[in-house]
1. For segment A:206-216, state whether one or more residues are touching a Leu at 6+ places or on another chain (Cβ under 9 Å), small (Gly, Ala, Ser) and crowded, with 23+ Cβ neighbours inside 10 Å.
2. Among (1) closer than 21 Å to A:Leu216 by Cβ; (2) within 11 Å of chain B (Cβ to nearest Cβ); (3) among the acidic types (Asp, Glu), there is one condition A:Asp326 misses while meeting the rest; what is its number?
3. Taking A:Ser203 and the conditions (1) in a helix (DSSP H, G or I); (2) buried (at least 22 other Cβ atoms within 10 Å of the Cβ); (3) at pLDDT 85 or above; (4) within 14 Å of chain B (Cβ to nearest Cβ), which numbered condition does it fall short on, given that it satisfies the others?
4. Evaluate segment B:177-197: report whether one residue or more is in contact with a Gly (Cβ under 6 Å, 6 or more places away or on another chain) and not β-branched (Val, Ile, Thr).
5. List the helices (runs of 4 or more DSSP H) inside segment A:210-314, counting only whole elements, that have at least 1 residues being under 28 Å from A:Ile193 (Cα atoms) and at pLDDT 85 or above.
6. Of the residues that sit in segment A:160-190 and are of a type outside the set (A, V, I, L, M) and at the interface with chain B (Cβ under 8 Å from one of its Cβ atoms), which one is nearest to A:Gly235 (Cα to Cα)?
7. Given the criteria closer than 25 Å to A:Gln33 by Cα and within 12 Å of another protein chain (Cβ to nearest Cβ), does A:Leu256 qualify?
8. Tell me, which residue of segment A:124-159 that is within 14 Å of chain B (Cβ to nearest Cβ) and more than 22 Å from A:Arg239 (Cα to Cα) is surrounded by the most Cβ atoms within 10 Å (Cβ to Cβ)?
Amino acid sequence: MTEQAIPASPLEADIETFGALVDKEPQKPPRSQWKDVWDQFRKHKGAVFGGGFLLFITLAVLLGPYIWDVDPKKLDIRNKNWRPIYTLLWDSGVTAGWAHPFGTDQLGRDILAQMIAGGRVSMAVGWLAMALALIIGTAIGVFAGYFKRLDFWLMRFTDLVLSLPILPLVLLAVTLFRQPLNSRFGPEGGMFILIVSVIGLTSWMQTARIVRGDILALKEREFILAARSIGTTSGKIIRRHLLPNVISPIMVSATLGLATAIITESALSFLGVGFPSDYPTWGKLLADAVQRMQDYPERVLLPGIAISLTVLSVNYLGDGLRDALDPRIRGR
Amino acid sequence: MLTFTIRRLFLSIPTLLFISFIIFGLLQLAPGDPMAQVPLTVPPEVKQKMREALGLGAPWYVQYWKWLIQFFWIEPKVFIDYLTNSSTLLGWLPDTNFYKDELRVISWQTRSPVMDIVAQRMPQTLWVVGLSYIVGILIAIPIGIYSAYRHYSLFDQAGTFITMVGFSIPPFFTGPLLIVVFSVTLGWLPSIYDTTHVVTDWESFKIQFFQMVMPVMVLALQTTAQISRYMRGAMLDNLNQDYVRTARAKGLREASVVMVHVLRNSMIPVVTVIALGMPAIFGGAIITENVFKVNGIGQLLLTALFANDLPMVMTLTFIFAILIVLFNLIADVLYGLLDPRIRYD
């Protein structure tokens, strides 16, 4: 072999020369990033359970009214104060039956139907408020990280909002702006818009900080330099190159945001500043049942357990996602 | 470090002004009318006069300026007078008599100064919140240490699960749950916190103790869940470091390796988290006070909100904001003091 006989590709030459280095088995097909993420996610039992439960509860409140088609607002005073079906196990004297598996309240409204309707509202508030917070947080984080001129002011603003007393301010806003929005969009629609926007506007700060930090680090990488050198505009760089790379911290803070939004909405309903009284949400059902909890503890327990299990599953989902999306942990 | 503290103190003034402006703006934009409760038989021109008497006729900047003067200039004078006149701590100083009957921040509900009511309510909140925080920390730190030391053991798994559950169950559910179990079914503890109760002897102390157990435990559960997670994470980070191996290699006892070397280093982030969580626990106390009928400032804020008592709401919300800014500052300063690697210059 002479010096002049340069092979077509140096790699092939290497393989010929060092035959021992050639793999005997066929190479594994390339794996996508999301398949790796899924494999890591599956190892976290709590996260799989959490994700499954969240899916179940979302489907239950979405499809529930079609399967259990009892009107949650229908009064049936003759059949009031039924106990849930399971009380028959230890006490055969109570009024309970399959007509109302979770029992009825003091006005004879079916509690299962109320739970489904309440879950719809609570989950809708949670998802929408979380989405709003994510949009604001991501936008502020991206702008602050990418544009140096905006960075100082946007981050000072974020710090300022972070030092606002959130729960008192949310209480304040909901109590004070209830009237005009109610007259504009109706008592239920107005309250829905108000609660979603108030929770969304007060919980975007952590997302903004995390996204900004990641963007600051990504901006200096070679692929951004390459993209800029071929004349990619800023908007295109952000959409095509930066946003897909910060999707994992955004997803993790989304789960946290969903959990806080559900808890905040229930807390507002519990304190009596949330939705109107005949409009069930989990927090409202819990608050209404507290007066009669000596005789009917299940009316506190059922919505309370629903809130807690949903939040717990969302938190576990977030834990698992954090592990699965972190390439340093993945594959261990 | 001192220059940093002073600089941060000065920087917190515009922050606080901005926050007060936001709260004031929210209250101004709100359509609530303090005269809504006045009977309809009162003629409108009299109502207008009553409104002006409350200071509502003036433009917003005049109202804002007056509130600022009242809160930052007149109220401190009253406070200093109180300190030098009747408090036991500084009562030996000559009476200062700064306060010359200027108008203080007056509550629209009770027509008495807002700060007097806050001063009455503060001890209840401080007792419940402060005790719950201490209890929570005392439970959380050993749990965090042990579950990090026995990583992936049964204790660790159970501890992680329980803290996750404690993290997820909201206080407005744990509160009624505890009441059902311990007051209704077992009858051990009272469900309502009696703030008029005075501790004089052992018997009354026992009553006070029993009525504090539930509110304190509800708030402490949240604290415990949060802090033990941080403690565990910080311990895990430190246990794998080289200095731990060195310490073991030179023959230190395991107890002193973990409890002295690792613990001291792990406490740095945990202490700041403890300081940062303080204002949040005040916020959480709003719900807990409502559940157990504790007569504290959270409950005061709620009643003031429902009664449209704007000066009270404004002042209370601002006090919450001061707490947050103050504890943020404390956390930053503590971090710098405890960790020699952090330099703010």
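The values are calculated or read from the model by the stated rules, or taken from the named source; none is laboratory data. Only a predicted model underlies this, so the values are computations on that prediction, with no experimental measurement involved. FYI the Cβ positions are ideal-geometry reconstructions off the backbone, even for glycines, and counts take in every protein chain you see.
1. Looking through segment A:206-216, at least one residue is touching a Leu at 6+ places or on another chain (Cβ under 9 Å), small (Gly, Ala, Ser) and crowded, with 23+ Cβ neighbours inside 10 Å.
2. Result: A:Asp326 passes all but (2).
3. Unmet condition: (1).
4. Taking segment B:177-197 first, the residues in contact with a Gly (Cβ under 6 Å, 6 or more places away or on another chain) are none.
No, that holds for no residue.
5. Numbers: elements: A:222-229, A:247-270, A:282-289.
In segment A:210-314, A:247-270, A:282-289 are the helices (runs of 4 or more DSSP H) which contain 1 or more residues that are under 28 Å from A:Ile193 (Cα atoms) and at pLDDT 85 or above.
6. First, pick out the residues of segment A:160-190 that are of a type outside the set (A, V, I, L, M): A:163, A:165, A:168, A:175, A:177-180, A:182-190.
Add one more test, that the residue is at the interface with chain B (Cβ under 8 Å from one of its Cβ atoms), and what stays is A:163, A:165, A:168, A:175, A:177, A:179-180.
Values: A:Ser163: 31, A:Pro165: 35, A:Pro168: 38, A:Thr175: 40, A:Phe177: 37, A:Gln179: 41, A:Pro180: 38 Å.
Across segment A:160-190, the extreme among qualifying residues is A:Ser163.
7. Working: closer than 25 Å to A:Gln33 by Cα: yes; within 12 Å of another protein chain (Cβ to nearest Cβ): yes.
Yes, satisfied.
8. Initially, segment A:124-159 is screened for residues within 14 Å of chain B (Cβ to nearest Cβ), giving A:126, A:152-153, A:155-159.
Now narrow it down to the ones that are more than 22 Å from A:Arg239 (Cα to Cα): A:126, A:152-153, A:156-159.
On the way: A:Gly126: 26, A:Phe152: 10, A:Trp153: 10, A:Arg156: 15, A:Phe157: 16, A:Thr158: 21, A:Asp159: 14.
Ranking the qualifying residues of segment A:124-159, first place goes to A:Gly126.
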